[in-house]
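To start, the structure under review is shown below, and the notes come after it.
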Amino acid sequence: MQIVALRNLESYWEQPNRGDAEGPLKAWLAEAKLARWACPQDVKDHYSSASIVANNRVVFNIKGNDYRLIVAIAYRMQYVYVKFVGTHADYDKIDVTTVDQFKGV
């Protein structure tokens, strides 16, 4: 998969008090780059705890569910668009189907 907005993840783990997200997010990135997801079920087969939601979005639990990562996947093009990364508490305040935390960044 091609990861779009990779810099958004990097800038997130570079924030104060977010360094503990770096290792788990890098691990997810390494796996996602090698993946060839053709449909939502392919994601679920590899990440059983991932949540498939509307608009081809997927929510991943990062670092034992301390963080949430929302991506939109263009399966045919093999692109993963990073839409949101934040703590579980941050996630509870957003609409997963429309959030685009990094728009315009």
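The values are calculated or read from the model by the stated rules, or taken from the named source; none is laboratory data. Since the model is a prediction, treat every value here as computed from it, not as a measurement. No Cβ is skipped: glycine too gets one built from the backbone with ideal geometry, and neighbour counts run over all protein chains shown. Quick note on the areas: whole protein, heavy atoms, side chains included, nothing else; ligands and nucleic acids left out. Shrake-Rupley method; radii C 1.70, N 1.55, O 1.52, S 1.80 Å.
Residues with beta-carbon under 11 Å from that of Met1, excluding Met1: net charge, scoring Lys, Arg +1 and Asp, Glu -1? If you can, show how the numbers build up before the last one.
On the way: positive: Lys33, Arg36; negative: Glu31, Asp42.
Around Met1, the surrounding residues sum to 0.
Under 11 Å from the 7 Å Cα→Cβ point of Lys26, by amide nitrogen: which residues of segment 51-88? Inside the label zone: nothing. Placing unit charges on the Cβ atoms of the charged side chains and taking the dipole of the chain about its Cα centre, the candidate lying farthest along the positive direction among Gln2, Tyr91, Phe102 is Gln2.
Only one residue of Tyr79, Val43, Val59 has its Cα farthest out toward the positive end of the dipole of the chain, where Lys and Arg carry +1 and Asp and Glu -1 on Cβ, and that residue is Tyr79.
For the chain, the solvent-accessible area with a 1.4 angstrom probe is 55 square angstrom per residue. Please state the relative contact order of the chain as a whole percent: Cα pairs under 8 Å, 6+ residues apart? RCO, the chain: 26 percent.
Does anyone have the angle between helix 22-34 and the longest principal axis of the chain? Alpha-carbon axes, 0 to 90°, nearest 10? The angle comes out at about 20 degrees. For the chain, the dipole from Cβ point charges (+1 on Lys and Arg, -1 on Asp and Glu) about the Cα centre works out to 300 debye, to the nearest 20.
Only the Cβ atoms of Lys and Arg (+1) and of Asp and Glu (-1) were treated as charged; on that basis the dipole of segment 1-48 about its Cα centre amounts to roughly 120 debye. Along segment 62-75 the Karplus relation, 6.51 cos²θ - 1.76 cosθ + 1.60 evaluated at θ = phi - 60°, assigns HN-Hα couplings of 10, 6, x, 6, 5, 10, 10, 10, 10, 10, 10, 10, 9, 4 Hz to successive residues, with x for each Gly and Pro.
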